[in-house]
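The structure appears below as structure tokens.
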Amino acid sequence: MAQLGVNRLPIAVLPSRAPDWPSGLTGSISHCQDVCVAAVASKTSFAGVGIDIELSVPLAVDLYATVLDPVELEASRLPPFDVDLAKLLFVVKESFFKLYHPLTGHFLDFTDVSVRVDPARRTFNVALKEGAPSLLGMRTFDGVWGRADAYCFAFVALKC
């Protein structure tokens with residue numbers, strides 16, 4: 001925030017549990033275990049950003065039906081790359097929801113979006129399914145993902 005010319009100050013939490021960024025800023029915060037990450041940008045450059053980080057352990061099998069659509073469930077059974085694909089899909093969707101909700105005021109379910117992951121390029125594409133409201137007229141969004149030590153993360157941004 002200092003690099004964007006905003007003095008250090010606490011970030012309040014809105015009733016939706018999203019951060020209440022100072023005027024002129026957009027951002028996203030995520031935390032797990034002993035790590036916290038934040039991404040902050042000027043609203044003159046970015047409409048919004050979303051970031052999520054999680055411990056890179058397999059997603060609990062009892063969450064598969066909640067988090068994955070049938071195509072993603074089938075893909076999660078493929079040989080793994082360097083992260084559990086089901087967990088990565090969870091992280092990607094969470095990062096997208098953190099971009100989407102502040103801009104629309106709409107909460108999505110995990111199955112309201114479909115995700116394709118490119119393991120070689122460490123990128124992903126999120127597509128809003130039929131029935132989910134578009135975001136600024138858009139229905140598909142690209143982002144990046146990675147792994148750092150024991151964590152996997154995903155980041156998505158929407159330029160103005």
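The values are calculated or read from the model by the stated rules, or taken from the named source; none is laboratory data. Note that the coordinates shown come from a computational prediction; the quantities given were computed from them, not determined experimentally. Here Cβ is always computed from backbone atoms with ideal geometry, including for glycine, and neighbour counts include all displayed protein chains. Remember, those area values only see protein heavy atoms, side chains included, never the ligands or the DNA or RNA. Shrake-Rupley method; radii C 1.70, N 1.55, O 1.52, S 1.80 Å.
Within region 140-160, take every residue that is over 15 Å from the mean Cα position of the chain (by Cα) and in contact (Cβ under 8 Å) with a residue 24 or more places away in the chain and give me the one that is nearest to Val83 (Cα to Cα). Step by step, filter region 140-160, then rank; the result is Ala150.
Does Gly131 qualify as being at positive phi and either buried (at least 18 other Cβ atoms within 10 Å of the Cβ) or not charged (D, E, K, R) (or both)? When the stated conditions are applied, Gly131 passes them.
Taking first residues from region 117-139 that are under 16 Å from Gly50 (Cβ atoms) and without any contact (Cβ under 8 Å) to a residue 40 or more places away in the chain and partners that are among the β-branched types (Val, Ile, Thr) and open to solvent by 60 Å² or more (accessible area, probe 1.4 Å), the Cβ contacts under 8 Å between residues at least 6 apart in sequence or on separate chains come to Thr123/Val144; Phe124/Val144; Asn125/Thr140; Val126/Thr140; Ala127/Thr140; Leu128/Thr140. With respect to Asp82, is the statement that it is open to solvent by less than 70 Å² (accessible area, probe 1.4 Å) and over 22 Å from Ala157 (Cβ atoms) true? Considered against the rule, which asks whether it is open to solvent by less than 70 Å² (accessible area, probe 1.4 Å) and over 22 Å from Ala157 (Cβ atoms), Asp82 comes out as yes. Among the residues examined, Lys98 does not qualify as open to solvent by 40 Å² or more (accessible area, probe 1.4 Å) and in contact with a helix residue (DSSP H, G or I) (Cβ under 6 Å, 6 or more places away or on another chain).
Any residue that is of a type in the set (Phe, Trp, Tyr), crowded, with 18+ Cβ neighbours inside 10 Å and part of a helix (DSSP H, G or I) - is there at least one of those in region 106-123? Within region 106-123 (the criterion being of a type in the set (Phe, Trp, Tyr), crowded, with 18+ Cβ neighbours inside 10 Å and part of a helix (DSSP H, G or I)), the answer is yes, since at least one residue qualifies. Of all the listed residues (Val40, Val61, Val92, Val67), the sole one being more than 15 Å from the chain's Cα centre (by Cα) and β-branched (Val, Ile, Thr) is Val61. Exactly one condition in (1) at pLDDT below 95; (2) in contact with a helix residue (DSSP H, G or I) (Cβ under 6 Å, 6 or more places away or on another chain); (3) in a helix (DSSP H, G or I); (4) not acidic (Asp, Glu) is not met by Phe90; state its number. Single failed check for Phe90: (1).
Taken across region 44-59, residues that are open to solvent by 50 Å² or more (accessible area, probe 1.4 Å), part of a loop (DSSP other than H, G, I, E, B) and touching a strand residue (DSSP E or B) at 6+ places or on another chain (Cβ under 7 Å) do occur, with at least one present. Scoring Asp82 on the criteria (1) part of a loop (DSSP other than H, G, I, E, B); (2) free of Cβ contacts under 8 Å to residues at least 24 places away in the same chain; (3) acidic (Asp, Glu) leaves a single failure, condition (2). Exactly one residue out of Thr140, Thr104 is modelled with pLDDT of 95 or more and β-branched (Val, Ile, Thr), and it is Thr140.
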